[in-house]
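Read through the structure below, which is laid out as structure tokens, and then see the notes.
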Amino acid sequence: MTFVLATENSGKLAEIRDILTASGLPELSVVSLAEAGAAGGVEETGATFRENALLKARAACGATGLPSIADDSGLCVDALGGAPGVYSKRYAGGGDMCDFLLEKLKNTEHRDAKFVSSIACVFPNGDVIEAAGECPGEILRSKRGAGGFGYDPVFHIPALGRSMAELTSGEKNAVSHRGAALRELAAKLRAYLGVKSCGALKIGVYGGSFNPPHIGHRAFAGAALTRLGLDAMYIVPAGDPPHKPLPSGSPGAAERLRLARLAFDGLERAEVSDCETARGGVSYTSDTVRRLTGEHPGASVYLITGADMFLTLRDWKDADRILETVIPAVGARRIGDGPEIRKAADAIARDFGVTPEIIEFEPVDVSSSQLRDALMDGGGREYLAESVYECIIRGGLYGARPELGWLRERAYAMLDGGRVAHVEGCELEAARLAARWGEDERSAREAAILHDVTKRLGADGQLELCERYGIRADELERESAKLLHSKTGAAVARAEFHVSDAVYNAIMWHTTGKADMTMLEKLIYIADYIEPTRDFDEAARLRDLAYTDIDAAVIYGLEISIADITSRGVTPHPRSLEALKFLRTSRRVRRGE
Ligand SMILES: [Fe+2]
Ligand SMILES: [Fe+2]
């Protein structure tokens, strides 16, 4: 079936095609108005997004005689009373939309906003399907990112820490207002077309806590889609799983939903559903099955589970009713599951009169609990989609610490090429010093890898980061913005990689030092100074002291740097002077002077 999309925006057309195909409607072809031989350009006179979407879809349907989809979307900014709203495109009067908005909000602290999308699909027989979606966020103070269109570069999504224009198209589809609206539209279209045409859709429901969702889940979903010949699969993260409580410290339902959307992104005919996370209360499968069978009358519904859940299926709440309506389908999660599953399947067939499908596939040998342990130890990345891993690290979910190889890749990408050798050397030296002084080696490596991540930025970049992260810069730091890279570096390390307070502080004080430094702070200060690529007159003595008397090394380092700064006619930072005074005094006290 061919649908017309009432837009001339090729970015939008591509986005909508992608999502409809991924949502299990690959048999639909979507053409533009021009491709359907019609002229565009209906005046958008509606007072709401919904009215405009309907207006455009009706006009396109009238002009082409084909079912037509139109969307109307825009940005609503709290501080502007919901403006620009339906006037989003025309707001800047032909000027740069982002610049115009930034200027409007120049003196505004409260920057909450949301993208809203309304979609209508109008059929030649007059039937109408509507859907809507929202994406909450905030307006940045300057543009970021080169992707997307419209207001994307100034729209920040706090949960991802990036602007809409910095997301890949897959990530954008997973979180955007239009993505949400299109998924709803796709589900309604599937139901509508299923009822109207074949009447015997095969639908899969794959539930679980997805805590976190990993490549094993995705491989299993893919195998189930193919083996069962499903027209669509709903992947349903449980809000509050009834069978086994989530371990403490697990992310909330909204976060697991977001992770699942990323993990299953691009899996054709599959859609992550919020029907359990949005419902609240205990997530009973019986409720979910009732809802889906209601939405897909006449469809065959497969209840897809992993082996361990399948073995308890007969004890679930309302198991009788569930097994009257669905066909269970089970996969082998670990090699060797086979005989036990077959026995349980035979028992279900005997007692409930429905024969479960057994999906044989090559299982990925990892469980969510093993994966959670691995994440805490700085591993686990190989079992997760890259976007899922990044979201976990950034949010500090599961107490995850970043894998060092991954962290290096990320950090080096933020450096000027010439600085990589210095940072590598600093990590090596910090690890050696940590071993010498009984400090945590991992923390030392993390701090060293990240200590200069913002160093390549000039004064403007440094000050912009100060504003973004609420960093107070003193007068000296404002004058010599280079000094700020330790503060901004610490802020970026925390925002992007969720480093511990100890690592944050070691980065924070690595340039000037400060009074009463921790051992880790001293080690990073010194490692930065003496790492193997450094070459200066006092280096040999400083290296010697670093491994024999760390306080003496820090004192010597401070003395050299203060002398050097003063000789260039620059004022040393008071924090360095305080650091020096503190160390000298405490040594005298220790010696009983
Ligand atoms: Fe530095
Ligand atoms: Fe450095």
Alpha carbon Rg of the chain, scaled by the compact-globule rule 2.2 N^0.38 Å
1.17
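I'd like the FRET efficiency for residue 268 and residue 312, computed as 1/(1 + (r/R0)^6) with the beta carbon distance as r and R0 of 35 Å, rounded to 0.05.
Efficiency, from the Cβ-Cβ distance: 0.70.
Using packing as a proxy for protection, rank 575-588, 444-457 so that the peptide with the highest average count of other Cβ atoms within 10 Å comes first.
444-457, 575-588
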Per 0.36 nm of contour for each residue apart, how much would the distance between residue 149 and residue 360 grow if the chain were fully extended, relative to their Cα-Cα spacing?
71.6 nm
Between residue 125 and residue 478, how high is the FRET efficiency from 1/(1 + (r/R0)^6) when r is the Cβ-Cβ distance and R₀ = 56 Å? Nearest 0.05.
0.25
Net charge around residue 279, counting only other residues with Cβ within less than 11 Å of its Cβ (Lys, Arg = +1; Asp, Glu = -1)?
-3
Based on alpha-carbon centroids, what's the gap between the range 102-166 and the range 525-593 in Å, whole number please?
50
Just the number, please: percent antiparallel of the DSSP beta bridges in the chain, rounded to the nearest 5.
50
Please compute the length gained on full extension between residue 549 and residue 321, using 0.36 nm multiplied by the number of residues separating them and subtracting their Cα-Cα distance.
74.7 nm
Where the centroid of each part is defined by its Cα atoms, how far is the range 332-387 from the range 276-298 in Å?
23
With r as the distance between the Cβ atoms of residue 382 and residue 518 and R0 = 25 Å, compute the FRET efficiency 1/(1 + (r/R0)^6) and round to 0.05.
0.15
Can you compute the modelled spin-label distance between residue 159 and residue 350, with each label point 7 Å from Cα toward Cβ, in nm?
4.6
Packing-wise, with mean Cβ within 10 Å as the measure, how do 513-520, 185-192, 103-110 rank, highest first?
185-192, 513-520, 103-110
May I ask for the angle, rounded to the nearest 10°, between helix 485-497 and the longest principal axis of the chain, with both axes built from Cα atoms and the value confined to 0 to 90°?
30
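Rule-of-thumb check for the range 273-423: C-alpha Rg over 2.2 N^0.38 Å? Display every interim value, and only then the final one.
Details: Rg = 21.3 Å, N = 151, 2.2 N^0.38 = 14.8 Å.
Ratio of Cα Rg to 2.2 N^0.38 Å: 1.44.
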Pull up the DSSP beta bridges for the range 2-184 and report the antiparallel fraction as a percent, rounded to 5.
80
Pairs of alpha-carbon atoms within less than 8 angstrom and 6+ residues apart define the contacts here; what relative contact order does the range 2-184 have, in percent?
19
Given points 7 Å out from each Cα along the Cα-Cβ axis, report the residue 565 to residue 90 separation in nanometres with one decimal.
5.7
Give, in nm to one decimal, the length gained when the segment between residue 367 and residue 240 is fully stretched (0.36 nm per residue of separation minus the Cα-Cα distance).
43.8 nm
Label point distance in nm, residue 421-residue 435, each placed 7 Å from Cα along Cα→Cβ
2.3
I need the Debye-formula profile for the range 199-373: one equal scatterer per C-alpha, no solvent, reported as log10 I(q)/I(0) at q = 0.09, 0.15, 0.20 1/Å, two decimals.
-0.27, -0.82, -1.59
Would you mind checking which residues have amide H under 5 Å from residue 269's amide H? H placed 1.01 Å from N; only 5 or more apart, or other chain.
23, 24, 25
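Bear in mind that the values in this text are calculations on the coordinates, not laboratory data. Keep in mind that what you see is a predicted model, and the values were worked out from it rather than measured. Methodologically, a virtual Cβ is constructed for each residue, glycine included, from the backbone with ideal geometry; neighbour enumeration extends over all protein chains shown.
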